[in-house]
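**Q** Before anything else, here's the structure in question.
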Amino acid sequence: MPFSYTFDDIVDRPVAVFGAGTLGRRIAMMLASRGGLVRIYSRSAETAADAVRYVEETLPGVLAARGSGAVGTVVPVDDVAAALDDAWLAIESVPERLDVKKAMWSAIDAAAGPDTIFATNSSSYPSRLMADAVGDPARLCNLHFYMPPAANAADIMSDGRTDPEVLATLRRVLPEFDIHPFEAHRESTGFIFNRVWAAIKRESLAVVAEGVAEPSSVDAMFRLNLGAPIGPFQMMDAVGLDVVLDIEEHYAQQNPNLPTGPRELLRTYVEAGRLGMKTGEGFYDHRGTQA
């Protein structure tokens with residue numbers, strides 16, 4: 001049956017990850033944790049090389065902490081067709097702009113084999129909005145990651161026409177890579193966890209935008225009261241404030257009644273080039289640390 005795989009079916013086939021940024025490189029790392037091949041596509045040779053270096057430096061420690069797995073191979077590519085050669089899964093993790101994502105999917109669709117599963121890592125756009133960029137929407141779905149390896153839950157969601165075997169395969173195979181999928185049973189902007197997280201994030205931003213507290217105070221109280229390892233502003237810096245702003249702008253399009261203060265605060269940081277860990281400064285100073 002098309003798109004119905006077990007781990008044994010795909011263990012010797014590569015995965016193609018499109019986008020080598022903060023999440024793309026982490027996705028590649030997780031999918032290389034069983035000794036297989038992952039190709040990571042980026043138009044920037046420097047970004048792709050940084051992603052490979054991140055995997056090479058981080059994956060051994062992840063496997064040691066897990067106590068299982070094997071170091072796979074992540075290779076950078078700048079050609080879409082080369083990335084997709086015999087791939088069982090294509091994951092798109094390019095910037096959170098629908099026009100950019102649809103253009104990427106058109107290129108992937110033109111080069112992919114007929115049995116490749118298509119998954120977008122979009123954190124706010126349902127794959128339904130990208131379905132007209134692919135010839136067969138039955139193989140397209142959302143597969144949204146958080147921040148692996150520390151956060152290993154993932155959302156999966158149909159585009160409305162997704163073959164049930166696509167979602168069944170992801171539920172069956174991804175736990176082999178220590179990725180644990182949870183299915184949204186109806187279309188939901190923000191999926192499952194992100195809807196809850198969006199409310200926490202937005203109110204945290206409002207507290208700072210209104211001058212009630214500093215980011216460090218919000219984070220410290222969050223950690224102390226909830227026992228969380230990091231607070232909302234630390235998480236936003238890790239994700240990238242430009243990405244957080246894009247997501248908030250999308251939520252505002254869906255719900256124009258959302259307060260503007262959180263987005264205005266984010267915009268001041270983004271316009272100043274303070275995007276978080278990836279630029280060295282965001283709500284915190286990260287210079288000397290690796291994103």
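**Q** List the residues, sorted by chain then number, that are 5 or more residues from V74 or on another chain and whose placed amide H is less than 5 Å from its amide H.
**A** Answer set, sorted by chain and number: V38.
**Q** For the range 147-222, which trypsin sites (Lys or Arg not before Pro) pass both filters: DSSP loop (anything but H, G, I, E, B) and at most 15 other C-beta atoms within 10 Å?
**A** R161, R186
**Q** Any chance you could list P(r) for the chain, counting all Cα-Cα pairs in 10 angstrom bins from zero, rounded to whole %?
**A** Values per bin, smallest distances first: 6, 28, 36, 22, 7, 0.
**Q** If each residue of separation counts as 0.36 nm, what is the full-extension length gain between D8 and T73 once their alpha-carbon separation is subtracted?
**A** Additional length available on full extension: 21.6 nm.
**Q** Then there's this: Could you work out the local net charge near F3, counting Lys and Arg as +1, Asp and Glu as -1, over the other residues with Cβ closer than 11 Å to its Cβ?
**A** -4
**Q** Measuring from centroid to centroid over Cα atoms, what is the spacing of the range 242-291 and the range 1-73 in Å?
**A** Taking the Cα centre of each part, the range 242-291 and the range 1-73 sit 27 Å apart.
**Q** Rounded to the nearest percent, how much of the accessible area of the range 129-201 (1.4 Å probe, protein heavy atoms only) is carbon and sulfur?
**A** 56
**Q** For a quick check: with amide H placed at 1.01 Å from N, whose amide H comes under 5 Å from I117's, ignoring anything fewer than 5 positions away on the same chain?
**A** Long-range HN contacts for I117: L89, A90.
**Q** What does the accessible area per residue of the chain come to in Å², with a 1.4 Å probe and no ligands, DNA or RNA counted?
**A** Per-residue value: 44 Å².
**Q** Report the full-extension gain for the segment A153 to T268: residue separation times 0.36 nm, less the Cα-Cα distance, to one decimal in nm.
**A** Full-extension gain reported as 38.3 nm.
**Q** Shifting gears a bit: Which three semi-axes in whole Å describe the equivalent ellipsoid of the range 1-69, each the square root of 5 times a Cα gyration tensor eigenvalue, listed largest first?
**A** Values for the range 1-69, descending: 22, 18, 8 Å.
**Q** Now, a different point. Quick one: pull the percentage of alpha-carbon pairs in the range 107-203 with a separation above 22 Å.
**A** Of all Cα-Cα distances in the range 107-203, 28 percent exceed 22 Å.
**Q** Is the shape of the range 226-291 best called rounded, prolate or oblate, per the rule: a/c under 1.5 gives rounded, else a/b larger than b/c gives prolate, else oblate, with a ≥ b ≥ c the square roots of the Cα gyration tensor eigenvalues?
**A** oblate
**Q** If you don't mind, there's one more thing I want to ask. Can you tell me which lysines have their Cα less than 26 Å from the Cα of K201? Leave out same-chain residues fewer than eight positions away.
**A** Leaving aside lysines fewer than 8 places away in the same chain, those within reach of K201 are K101, K278.
**Q** Related question: Considering the range 120-279, what Rg and Dmax in Å follow from its alpha-carbon atoms?
**A** Values for the range 120-279 (Cα only, Rg and Dmax): 17.0, 51 Å.
**Q** Another one. So, in nm, how far is label L224 from label F193 when the simple model puts each one 7 Å beyond its Cα toward the Cβ?
**A** 2.6
**Q** Also, I was wondering about something else. Once phi is turned into θ = phi - 60°, what whole-Hz ³J(HN,Hα) does the Karplus curve with 6.51, -1.76 and 1.60 give for every residue of the range 193-207, x standing for Gly and Pro?
**A** 5, 5, 5, 5, 4, 4, 5, 5, 4, 5, 6, 4, 4, 5, 4
**Q** Carbon-plus-sulfur fraction of the accessible area of the range 1-54, 1.4 Å probe, in percent?
**A** Accessible surface attributable to carbon and sulfur in the range 1-54 totals 46 percent.
**Q** Here is a further query. As a test of reading the structure, rank R25, R287, R274 by solvent-accessible area (1.4 Å probe, protein chains only), most first.
**A** R287, R274, R25
The values are calculated or read from the model by the stated rules, or taken from the named source; none is laboratory data. Computed from a predicted model, the values in this text were never measured in an experiment. Here Cβ is always computed from backbone atoms with ideal geometry, including for glycine, and neighbour counts include all displayed protein chains. The area values use the complete protein model at the heavy-atom level, side chains included, leaving out ligands, DNA and RNA. Shrake-Rupley method; radii C 1.70, N 1.55, O 1.52, S 1.80 Å.
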